[in-house]
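One structure is given here, and the rest of the page talks about it.
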Amino acid sequence: MLALAVILAAAKLGGDVAQRIGQPSVLGELVIGVLVGNLPLLGVGWFQFITANTTISVIAQLGAVILLFEVGLESTVRDMMQVGMRSLVVAVLGVITPWALGWWVGALLLPEQSVYVHAFLGAALTATSVGITARVLKDLGHAQSPEARIILGAAVIDDVLGLVVLAAVAAVIAAADSGAVLSYGAIAFVLGKALLFLVGALWLGVLFSPKLFSLASKLRGSGVLLATALVFCFTLAWLASVIGLAPIVGAYAAGLILEDLHYRDFAKEERHLDDLVRPISSFLVPVFFVLMGMRVDLSTFMRPEILGLAAVLTVAAVIGKQACALGALGSKLDWISIGIGMIPRGEVGLIFASIGLTLVVHGEHIIDAATYSAVVMMVMLTTLVTPPLLKWSLGRREKGELTTNRGRMTPKTD
């Protein structure tokens, strides 16, 4: 109980500070976690009991599942199918390039580590936080611009592809832990399994979820809509884990599947499903963010190689997403803004990092505290730089358009 009290108080204080300086609250929750977790470096060990508490770890894992479910609710399968070929190209480039760069950085700076570490670093760089970019675009009044539609549509596909990559990497590592030797065919099978689960879950979910919610609407009592949605979420998360994928893959698929049309029979419910889930996420998700921040060991950055790894990973993360801009070439779209809008890793990147802590080969964690800290630092920096960069980029274009229009309006003189 004390751990939860400390975490929630710290999360809200950190979120408030972040909001006041124009940053997303998730960044403040993560930073406050880093600060609290590293108080022992100053001789203050009051809060060390929190990271050692297994119940808090379970609550944080549940928070990650709810978070991905909530992220999925922000989009639908219909939205994903309507984004167009340009968004698809942007998304594919935004996954392949960061993965390759992350793998290369790992091999270059951590040559003594196994290939599994290099593959995981590549997977961690594929994430994109659609929520952070959407919030910045809305604040700047560009939420309905063509660039915003491309970015948000691509980010949804990017998350799906990133989860497939993460699932494949995790499955390969799990196979290595059991002593199995994977061929290229076996790796292709793992990728295919992840894709098949997502496609199958989305297709069957869209087909059967309206019937499930129609039946549930006949039940009496309060909270039936929320309970049915959570049953759906947890079931798909469990099915994902059964076939060797991360539960967050199933939770994200569940969120993508559900849309207002599926639970229209719940006329007695006054609020949308998003509003019903929000109080639960407001409790569980900060626990996840603060705990992940507390697991960052700042003392590791005293080692130049780890500080260098964090810096190079951040540069690779930024450059890798700029490849997305190539998907906008040949059009009148602002390709610079599209590339910048895909930079933040945010909550999705943090979930990728947390999964890395659970990956084990022959009893040894493939991601140690130092590498984990470098990945979290990359997540924080990419989240931090995106709002000002996006504001600059969109402002640059508006200024250019204003100058052009003024030039056209200037009368000719003899």
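Of all residues in the stretch 295-322, those satisfying the criterion of being in a helix (DSSP H, G or I) and either of a type in the set (S, T, N, Q) or open to solvent by less than 20 Å² (accessible area, probe 1.4 Å) (or both) are Ser299, Thr300, Ile306, Leu309, Ala310, Leu313, Thr314, Ala316, Ala317, Gly320, Lys321, Gln322.
A single member of Met85, Met80 is out of contact with any Ser or Thr (no Cβ under 8 Å at 6 or more places or on another chain) and either closer than 30 Å to Ser282 by Cα or modelled with pLDDT of 85 or more (or both), and it is Met80.
Sub-7 Å Cβ pairs linking a first residue in the stretch 360-372 that is more than 18 Å from Gly349 (Cβ to Cβ) to a second residue that is surrounded by 15 or more Cβ atoms within 10 Å (Cβ to Cβ) and among the acidic types (Asp, Glu), at least 6 apart or interchain, are Val360/Asp177; Val361/Asp177; His362/Asp177, ordered by first then second residue.
Run down Val92, Val136, Val160 and say which single residue is modelled with pLDDT of 75 or more, of a type in the set (Val, Ile, Thr) and crowded, with 21+ Cβ neighbours inside 10 Å.
Just a single option satisfies the conditions, and that option is Val160.
Say whether the condition of being over 20 Å from the mean Cα position of the chain (by Cα) and of a type outside the set (Lys, Arg) is met by at least one residue in the stretch 336-355. Yes, the stretch 336-355 has at least one match. Only a single item in (1) touching a Gly at 6+ places or on another chain (Cβ under 7 Å); (2) at pLDDT below 90; (3) part of a helix (DSSP H, G or I) is not met by Ala100, and it is number (2). Selection of the stretch 139-155 for residues being aliphatic (A, V, I, L, M) and open to solvent by 10 Å² or more (accessible area, probe 1.4 Å) yields Leu140, Ala143, Ile150, Leu152.
Scanning the stretch 267-280 for residues that are open to solvent by 10 Å² or more (accessible area, probe 1.4 Å) and either at pLDDT 85 or above or over 13 Å from Leu68 (Cα atoms) (or both) turns up Ala267, Lys268, Glu269, Glu270, Arg271, His272, Asp275, Leu276, Arg278, Pro279, Ile280.
Is at least one residue of the stretch 61-68 aliphatic (A, V, I, L, M), modelled with pLDDT of 90 or more and surrounded by fewer than 21 Cβ atoms within 10 Å (Cβ to Cβ)? Yes.
Residues that are surrounded by 16 or more Cβ atoms within 10 Å (Cβ to Cβ) and not in a helix (DSSP H, G or I) within the stretch 5-52 comprise Gln23, Pro24, Asn38, Phe47, listed in sequence order.
Which is buried (at least 22 other Cβ atoms within 10 Å of the Cβ), within 29 Å of Ser354 (Cβ to Cβ) and modelled with pLDDT under 80, of Leu256, Leu236, Leu291, Leu245? Step through it out loud before you land on a result.
Working: Leu256 fails: modelled with pLDDT under 80; Leu236 fails: modelled with pLDDT under 80; Leu291 fails: modelled with pLDDT under 80.
Of Leu256, Leu236, Leu291, Leu245, the one residue that is buried (at least 22 other Cβ atoms within 10 Å of the Cβ), within 29 Å of Ser354 (Cβ to Cβ) and modelled with pLDDT under 80 is Leu245.
Only residues that are surrounded by fewer than 18 Cβ atoms within 10 Å (Cβ to Cβ) and either assigned to a helix (DSSP H, G or I) or at pLDDT 80 or above (or both) were counted across the stretch 163-205, and they come to 18.
The values are calculated or read from the model by the stated rules, or taken from the named source; none is laboratory data. Values in this document were obtained by computation on a predicted structure and should not be read as measured data. Quick reminder, even Gly has a Cβ in these numbers, built from the backbone with ideal geometry, and neighbours come from all protein chains shown. The protein model used for the area step is the full one, side chains on, heavy atoms only, and it has no ligands, DNA or RNA in it. Shrake-Rupley method; radii C 1.70, N 1.55, O 1.52, S 1.80 Å.
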